Amino acid sequence: QVQLVESGGGLVQAGGSLKLSCAVSRSMFSINDMGWYRQGPGKQRELVAVITRGGNTNYADAVKRRFTISRDNAKRTVYLQMNSLIAEDTAVYYCKANGAGSSYWGRGTQVTVSS
């Protein structure tokens, strides 16, 4: 089992920044890609960004050039740096880890952007 704990959410004004962290309960050696997802009010959960074990990244069009995903395997942590936040970024942000045949989710952290 892998447990994921997100942190770093909060209330920020439009144009501001936040950095989310996802702490992984055990070694990330067996974890392939990790991602951040979000679910806004009345919306379906959607992919925000993903990073592979090798460090390759992919982003949703809505966050390209504003968000950056990174991972620190030694600290067992994945980050999401969010800049130039807009009201539409308001959502619960979830961390996901994909291992060998299994996927794990965190409980999420709320991000609220005030306009």
**Asked** For V50, what is the net charge nearby, where nearby means another residue's Cβ is under 10 Å from its Cβ and Lys, Arg count +1, Asp, Glu -1?
**Response** 0
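Which percent, to the nearest 5, of DSSP beta bridges fully inside the chain are antiparallel? Could the numbers behind the result be given before it?
On the way: 36 of 40 bridges.
The antiparallel proportion sits near 90 percent.
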**Message:** Relative contact order for the chain: what percent, with Cα pairs under 8 Å and sequence separation of 6 or more?
**Reply:** 37
**Whole-percent carbon and sulfur share, accessible surface of the chain, 1.4 Å** = 46
**Charge context of N98, other residues only, Cβ under 14 angstrom, K/R +1, D/E -1** = +2
**Prompt:** Quick one: Karplus J couplings for the range 64-80, per residue in order, coefficients 6.51, -1.76, 1.60, θ = phi - 60°, nearest Hz, x for Gly and Pro?
**Reply:** 4, 6, 10, 10, 9, 9, 8, 9, 10, 5, 5, 8, 6, 9, 10, 10, 9
**Prompt:** Residues of the range 82-114 with amide nitrogen under 19 Å from the 7 Å Cα-to-Cβ point of V5?
**Reply:** 93-97, 104-111
**Message:** Placing +1 on the Cβ of each Lys and Arg and -1 on the Cβ of each Asp and Glu in the chain, which of S114, V2, Q39 has its Cα farthest towards the positive end of the resulting dipole?
**Reply:** V2
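Can you give me the accessible area per residue for the range 42-92, using a 1.4 Å probe, in Å²? Before the final figure, lay out the partial values.
Working: 2970 Å² over 51 residues.
I get 58 Å² per residue for this part.
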**Asked** Straight-line reach from K75: which lysines have Cα under 26 Å away, leaving out those fewer than 8 places along the same chain?
**Response** K19, K64, K96
**Request:** Please compute P(r) over all alpha-carbon pairs of the chain, binned at 5 Å starting from zero, and give each bin as a whole-number percent.
**Result:** 2, 13, 25, 26, 18, 10, 5, 1, 0
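The values are calculated or read from the model by the stated rules, or taken from the named source; none is laboratory data. Treat the numbers as computed from the prediction; the structure is a model and nothing was measured. Every residue, glycine among them, receives a Cβ derived from its backbone with ideal geometry; neighbour counts consider all protein chains shown. Remember, those area values only see protein heavy atoms, side chains included, never the ligands or the DNA or RNA. Shrake-Rupley method; radii C 1.70, N 1.55, O 1.52, S 1.80 Å.
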